[in-house]
1. May I ask you to verify whether THR242 is in a loop (DSSP other than H, G, I, E, B) and touching a residue at least 24 places away in the same chain (Cβ under 8 Å)?
2. Kindly list, by first and then second residue, each pair from a residue in region 98-111 that is at positive phi to a residue that is open to solvent by 10 Å² or more (accessible area, probe 1.4 Å), limited to pairs with Cβ atoms under 7 Å and residues at least 6 apart or on different chains.
3. Quick one: what pairs do we get from region 84-96, first residue in contact (Cβ under 8 Å) with a residue 12 or more places away in the chain and among the hydrophobic types (A, V, I, L, M, F, W, C), second crowded, with 18+ Cβ neighbours inside 10 Å and not in a helix (DSSP H, G or I), C-beta under 6 Å, 6+ apart or different chains?
4. Just for region 285-337: of the residues that are within 22 Å of LEU398 (Cβ to Cβ) and basic (Lys, Arg), which one is modelled with the highest pLDDT?
5. Output the number of residues of region 70-124 satisfying the condition of being of a type in the set (Asp, Glu) and buried (at least 20 other Cβ atoms within 10 Å of the Cβ).
6. Which condition number in (1) in contact with a Phe, Trp or Tyr (Cβ under 8 Å, 6 or more places away or on another chain); (2) in contact (Cβ under 8 Å) with a residue 60 or more places away in the chain is the one that LEU150 fails?
7. List the strands (runs of 3 or more DSSP E) inside region 93-161, counting only whole elements, that have at least 2 residues being more than 29 Å from the chain's Cα centre (by Cα).
8. Return the total of residues in region 390-442 being open to solvent by 40 Å² or more (accessible area, probe 1.4 Å), farther than 24 Å from ALA373 by Cβ, touching a residue at least 12 places away in the same chain (Cβ under 8 Å) and not in a helix (DSSP H, G or I).
Amino acid sequence: MRRISLSLALAVCCLLVLAACGSSSKSSSSASANSTDPSIAGAEVAPASATAFVSVNTDSSAAQWKQAMKLLAGVPSLQKSLDKSLASSGITLADAEGALGPTTVFVELGPTAKPTDVYLTNPKDASNFKSILAKDKKEKSVTTEIESWLVVGKTQAALDQFKTAVGAGKLSDSASFKAASAGVPADALAKAYFKGSAINASALSSLGSTSTSTTSTSSSMSKALSGAAAKHPLEWGTVAVTAATKGLSIEGVFQGKTSVTNAGSTLVDQLPSGTSFAIDLTGKSLGLDKAVQNLRNNSKYSSQIPQIEAALGVKLDDLAALAGSEMAIYGKGSGIGLLIKAADAAKSKQMLDKTVTLLGAQMNGTSKPVSIAGVQATEFSFGTTKLDYGVKDGNLFLVTDAAALPGNTKLSSDPGYSADATELPIPASNLGVAYVDFAKLAALSKSGSAITKSLGSSSTSANLSQLEGLSSLLGYASANGTKVEIKAFLSTK
């Protein structure tokens with residue numbers, strides 16, 4: 001059922017999942033900013049209790065769908081996966097396009113841990129759509145009709161649950177949905193709405209699983225972040241995907257209950273040319289400084305903190321201040337780097353020197369002064385891994401490879417990044433910036449560096465190598481009162 005009824009519609013969403021996010025080109029963003037549609041197709045027949053709702057424009061004659069198919073054709077692995085999925089059900093792409101109605105909708109009901117999925121479309125010929133569904137011998141489905149919509153579920157119980165939920169209230173009448181959809185671009189290819197409870201549960205679940213599988217220190221940090229997430233839950237979130245001339249686009253808005261403050265991402269302009277990926281953000285915006293401070297309240301570590309401070313000669317307050325600084329983690333060639341815009345980089349290096357001395361004694365590591373690219377630094381080695389750290393241009397740096405040290409040629413001069421930045425100018429005040437060059441990231445994942453090997457796997461390298469056709473991704477997040485807005489641009493070759 002899924003392979004036929006939504007394979008075509010979710011092909012575009014597949015690009016979205018692989019890219020994590022995107023945004024519109026200059027021409028499409030201008031249109032989106034002035035055109036909104038609070039009545040998203042399908043909301044009038046979806047239940048108000050839906051935890052997730054996605055409406056996809058599957059009108060094969062529409063400009064958005066045609067452009068999406070052009071973009072999909074440029075990514076061989078995704079096109080091959082779609083064709084294989086459809087072929088296994090005995091149909092072609094043309095069959096699927098002819099069967100789907102102008103809109104295809106995905107609705108998720110019930111608890112996040114065990115949701116019920118239901119799909120809807122409004123085909124011109126319901127009998128033709130049902131005949132297409134019947135060809136799927138591996139996955140059975142049941143259907144029902146509500147007004148002009150054909151509802152598809154795995155079981156009759158799923159359809160009954162859907163009908164009961166719709167009877168209790170429609171999504172189009174929900175105050176939260178109306179507020180969330182008011183700013184969604186009318187010309188978007190796909191429009192999604194998520195209830196805050198589902199987003200919060202997913203975030204807490206992810207942080208919880210991280211805290212159980214990491215070291216005690218990072219586990220404590222994850223628990224601190226989980227606590228912060230629990231105290232600042234989201235009310236709702238929306239995401240809109242638009243097919244632009246040069247790639248896919250996304251505009252996301254997430255409504256919270258407390259105000260968020262923008263900072264600035266200036267380190268991305270200082271990253272080296274050839275950067276494969278970069279994440280530039282301020283630790284204070286994420287609450288990392290508070291997470292470090294909260295170690296004083298942790299019964300497991302609070303009694304040890306005075307001894308640790310004495311041994312290191314470093315105060316927890318100073319570490320918290322460093323954790324709250326702007327920082328950028330990035331990759332280049334075979335190395336990974338970290339830049340920190342510390343208030344006093346020289347003092348921060350001295351703290352790091354003391355920490356390295358203590359760690360060296362515990363890990364049988366060694367440290368020595370070195371010069372990399374004409375910059376005086378300290379090399380810390382333990383086992384087969386080494387890190388070089390020091391101060392350059394007023395910033396504290398840590399690199400796993402000398403080639404990752406920022407030089408005179410910056411990322412901003414790279415044609416790919418420059419083109420993305422033209423399509424999506426980054427505002428000076430924001431919450432963070434992310435950039436990915438897919439080809440360079442695939443090369444980094446295959447490098448022989450011990451650290452890059454520990455961060456990835458052979459399957460990760462294989463997945464990245466299959467993204468031929470995707471060029472790069474540039475995105476940013478910004479605060480607007482109690483809302484967090486996300487925009488980015490996913491470019492294709």
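The values are calculated or read from the model by the stated rules, or taken from the named source; none is laboratory data. On a predicted model such as this, the values are computed, not experimentally measured, just so you know. FYI the Cβ positions are ideal-geometry reconstructions off the backbone, even for glycines, and counts take in every protein chain you see. The protein model used for the area step is the full one, side chains on, heavy atoms only, and it has no ligands, DNA or RNA in it. Shrake-Rupley method; radii C 1.70, N 1.55, O 1.52, S 1.80 Å.
1. no
2. GLY110/THR116
3. Listed by first residue and then by second, the contacts come to nothing, as the list is empty.
4. Filtering first and then ranking leaves LYS332.
5. Step one: list which residues in region 70-124 are of a type in the set (Asp, Glu), which gives 83, 95, 97, 108, 117.
Then drop every residue that is not buried (at least 20 other Cβ atoms within 10 Å of the Cβ), which leaves none.
Number of matching residues: 0.
6. Against the list (1) in contact with a Phe, Trp or Tyr (Cβ under 8 Å, 6 or more places away or on another chain); (2) in contact (Cβ under 8 Å) with a residue 60 or more places away in the chain, LEU150 comes up short only on (2).
7. Details: elements: 103-109, 116-121, 142-146, 149-153.
Fully inside region 93-161 and qualifying: 142-146, 149-153.
8. The qualifying residues number 5.
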